[in-house]
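Novice: A single structure is presented below for examination.
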Amino acid sequence: MTSSLAPSSLTPSSLTFLGLGDMGRALAHSALKADHSITVWNRSSGKDAELVAAGAQSAPTVADAVAAADLIVVCLLDDASFRQNLGPVAEQLRGKVVVNLTTSTPGEARELAKWAQEHGIRFVDGGIMAIPPMIGTDAAFILYSGDREAYDAHAERFAAFGEPVFAGTDPGAAALQDLALLTGMYGMFAGALQSLALVRSAQPEVSSFVPLLQRWIGAMSGALGQMAAQIDADDYKLGGVVSNLAMQAAGAGHFDDVVADQGLTTNLIAPLTELMKRRVADGHGEDDVASVVELLLTRKA
Ligand SMILES: NC(=O)c1ccc[n+]([C@@H]2O[C@H](COP(=O)([O-])OP(=O)(O)OC[C@H]3O[C@@H](n4cnc5c(N)ncnc54)[C@H](OP(=O)(O)O)[C@@H]3O)[C@@H](O)[C@H]2O)c1
């Protein structure tokens, strides 16, 4: 049974956690393991049971929870649930540090930072680069951005969740890099799924092929350093071009052909090959493939 304490019996804690979904519970457990005293709150009852058994104190309301600590870690579903629950206690948060690990867009994080500043709240936004079982292990890292002083004051406590990485004083920086990392991950998944679909269309299993795919993706990820240097220098021949864009774009037709030959209908990498061809048509065939970033950087008029 959960033992929700009456407000008067709550003792001061090092941290308060708002939101005990899968991620919030993992974060709170890792703080307990690191010997922090914690107070937890969740909208619906029951999710605090294991935490309370392990030493957490449970607050009956958000107001009680935020009163119990000066460092408030928020892990709710989305921006709307943050505003709905933190908005009414803004004045109680004055002078405290709020760390928002709820996934946000950069714009949402910047708006929350403005709201926090209006109420004298120290605000740090975060992006969790882990799934719940990774929390508290060396595999997890968490991006933070916003109030540098507040971050520095608590970075040691954040280390309980996973390696803390400060992304910048722009409050939207962690959210931007979080979404950029996920974009890279889904791009890799898109290519891998297309690859596995091709192989599966020709043979009854794909597991035997996966070691080759992993080896190839691993080897090719080594090209990212030079790609980034070329992008930073606006010079897509920097370091020497060994596989020019014209050659790669000419080969890109094969991807449409193999999909058609296998009797399949979808080519997930077609948007990329279209951009490669467009860049060649624009006269950049001698560039490296990183040259395509110029089209991705085109801004809305
Ligand atoms: N799980 C992951 O792999 C992962 C990885 C990286 C980042 N994240 C981010 O972490 C955050 C939490 O994810 P999760 O996996 O813990 O999700 P979850 O298991 O679905 O939990 C959602 C949490 O938000 C609460 N909530 C939702 N709407 C609410 C509202 N209007 N008012 C008060 N509480 C509300 C839920 O309360 P109830 O229990 O009452 O429903 C629950 O505590 C999300 O922003 C997610 O994007 C998750």
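The values are calculated or read from the model by the stated rules, or taken from the named source; none is laboratory data. Values in this document were obtained by computation on a predicted structure and should not be read as measured data. Cβ atoms come from the backbone with ideal geometry, glycine included; neighbour counts cover every protein chain shown.
Novice: Residue pairs, Cβ under 6 Å, 6 or more apart or interchain, first in segment 78-91 and within 15 Å of Glu118 (Cβ to Cβ), second more than 9 Å from the ligand (Cβ to nearest atom) and assigned to a helix (DSSP H, G or I). List them.
Specialist: So the pair list comes out as Val89/Ala63; Val89/Val66.
Novice: For Ile217, only one of the following conditions fails: (1) farther than 28 Å from Gly263 by Cβ; (2) assigned to a helix (DSSP H, G or I). What is its number?
Specialist: Of the numbered conditions (1) farther than 28 Å from Gly263 by Cβ; (2) assigned to a helix (DSSP H, G or I), the odd one out for Ile217 is (1).
Novice: Of all residues in segment 89-110, which are farther than 17 Å from Ala69 by Cα and either part of a helix (DSSP H, G or I) or away from the ligand (no atom under 16 Å from the Cβ) (or both)?
Specialist: Scanning segment 89-110 gives Pro106, Gly107, Glu108, Ala109, Arg110.
Novice: For residues that are within 18 Å of Gly239 (Cα to Cα) and under 31 Å from the mean Cα position of the chain (by Cα), tally how many sit in segment 271-293. Before you say what the answer is, go through the steps one by one.
Specialist: From segment 271-293, those within 18 Å of Gly239 (Cα to Cα) are 284-293; that's our starting set.
Filter again for under 31 Å from the mean Cα position of the chain (by Cα), leaving 288-293.
Qualifying residue count, segment 271-293: 6.
Novice: For segment 5-22, check the following and say yes or no: at least one residue is on the phi > 0 side of the Ramachandran plot, within 16 Å of the ligand (Cβ to nearest atom) and out of contact with any Gly (no Cβ under 6 Å at 6 or more places or on another chain). Outline the logic, then answer.
Specialist: Our first condition is that a residue be on the phi > 0 side of the Ramachandran plot; within segment 5-22, this holds for 19.
Within this subset, residues satisfying the condition of being within 16 Å of the ligand (Cβ to nearest atom) are 19.
Among the residues that remain, those that are also out of contact with any Gly (no Cβ under 6 Å at 6 or more places or on another chain) are: 19.
Yes, there is a match, as at least one residue in segment 5-22 is on the phi > 0 side of the Ramachandran plot, within 16 Å of the ligand (Cβ to nearest atom) and out of contact with any Gly (no Cβ under 6 Å at 6 or more places or on another chain).
Novice: Sticking with this structure for a sec: Quick one: is Gly46 at pLDDT 95 or above, more than 25 Å from Arg122 (Cβ to Cβ) and within 14 Å of the ligand (Cβ to nearest atom)?
Specialist: Details: at pLDDT 95 or above: yes; more than 25 Å from Arg122 (Cβ to Cβ): yes; within 14 Å of the ligand (Cβ to nearest atom): yes.
Yes; evaluated as a whole, the condition is true for this residue.
Novice: Determine the pairs where a residue that is of a type in the set (D, E, K, R), located within segment 51-74, has a partner that is part of a loop (DSSP other than H, G, I, E, B) with Cβ atoms under 8 Å apart, the partner being 6 or more residues away or on another chain.
Specialist: Going by the 8 Å Cβ cut-off, the qualifying pairs are Asp64/Leu10; Asp70/Gly95; Asp70/Lys96.
Novice: Pull up segment 132-147, narrow it to residues that are closer than 13 Å to Ser30 by Cα and without any contact (Cβ under 8 Å) to a residue 40 or more places away in the chain, then point me to the one that is surrounded by the fewest Cβ atoms within 10 Å (Cβ to Cβ). Please lay out each step first, then the result.
Specialist: Quick first cut of segment 132-147, residues closer than 13 Å to Ser30 by Cα only: 132-138, 140.
In the following step, the residues that additionally are without any contact (Cβ under 8 Å) to a residue 40 or more places away in the chain were identified as 134, 137-138, 140.
Values: Met134: 16, Thr137: 12, Asp138: 8, Ala140: 19.
Per the criteria, the residue is Asp138.
Novice: Scan segment 184-216 for residues that are touching a residue at least 24 places away in the same chain (Cβ under 8 Å) and either among the small types (Gly, Ala, Ser) or farther than 21 Å from Thr266 by Cα (or both) and jot them down.
Specialist: Restricting attention to segment 184-216, the residues satisfying the condition of being touching a residue at least 24 places away in the same chain (Cβ under 8 Å) are 188, 190-194, 197-198, 201-202.
Result: Ala190, Gly191, Ala192, Ala197, Ser201, Ala202.
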